[in-house]
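These notes are about the structure you will find just below.
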Amino acid sequence: MRTATRPVPTPSEAPGPPRPKLAAHGVSRTFQNMHGVDVPALLDVNLEIEPGEFVCLIGPSGCGKTTLLNLFAGLERADAGELFLDGRPIGGPGPDRAVLFQDPALFPWMNVVSNVEFALEMIGVPAAERSERAMHWLHRVHLGRFAKAQPHELSGGMRQRAALARALACQPAVLLADEPFAALDAQTREILQRELQEVWSETRNTFVFVTHNVREAVFLADRVVLMSAPPGSLVAEHRITAPRPRDIEDVLLSKVVVDIHAHLSKEVEKVVAAEIDL
């Protein structure tokens, strides 16, 4: 009797390493100022972000953090280099990515639950499912009892909770946040940081979070990526290995904050020096 043998896969058939969820390869971006002069925002940026990873981007003002976020969102195009989502070129926005801005951008004529339901309608969720899914996420961010409130009746922190619920309800693979807590008072900001940590620990979306706040970055992230003075490139990264849930007053986190802040200060000094030389 002949024993069946299993064919050995050829190198092309052998499974390779998992693809990054997001990738930027040699990405550069230039804008024109009001005088028609080219101003480089990003220069030869290379960054890979793994599925389910929480990455914070920090750097001095004008270093291209928001530009890089917009490129991943498909809201802008690079002048050079390539951007990928799951190994496919990013050609524009898509429902697989949700963006949180500093302004929650809720429709003022809709109540809170209607704002969430409208986002679900835009991605094709059947009408029968929208209300239940919207309410689930509003309860998850502690806004269930304010579902019928109008945006102007909410505090700044509550509006950001509503925006987060709207984004999470759409179940995106990637969340992109551009300083969503920057305009909030310190106490509200810490509350939302803790709530975001808790929600993300359950959902494990791939998360790219732009912030100027080093403590916030270290508290939230798996990895903090430091960008240089403009034109922005990546100059350092710090992996945060502290277990979750984290305490924002953790001494070990505080030591990392000091290290990153020292490195960031050098990049800020370069920006100041460049302005003095103008």
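The values are calculated or read from the model by the stated rules, or taken from the named source; none is laboratory data. Treat the numbers as computed from the prediction; the structure is a model and nothing was measured. Methodologically, a virtual Cβ is constructed for each residue, glycine included, from the backbone with ideal geometry; neighbour enumeration extends over all protein chains shown.
Quick notes on this one:
- Looking across Arg159, Arg194, Arg166, one residue alone is out of contact with any strand residue (DSSP E or B) (no Cβ under 7 Å at 6 or more places or on another chain), in contact (Cβ under 8 Å) with a residue 12 or more places away in the chain and surrounded by fewer than 20 Cβ atoms within 10 Å (Cβ to Cβ). It is Arg194.
- Meets criteria (in contact (Cβ under 8 Å) with a residue 12 or more places away in the chain and either surrounded by 14 or more Cβ atoms within 10 Å (Cβ to Cβ) or assigned by TED's automatic domain parsing to the domain that holds Val199 (or both)) for Gly144: no
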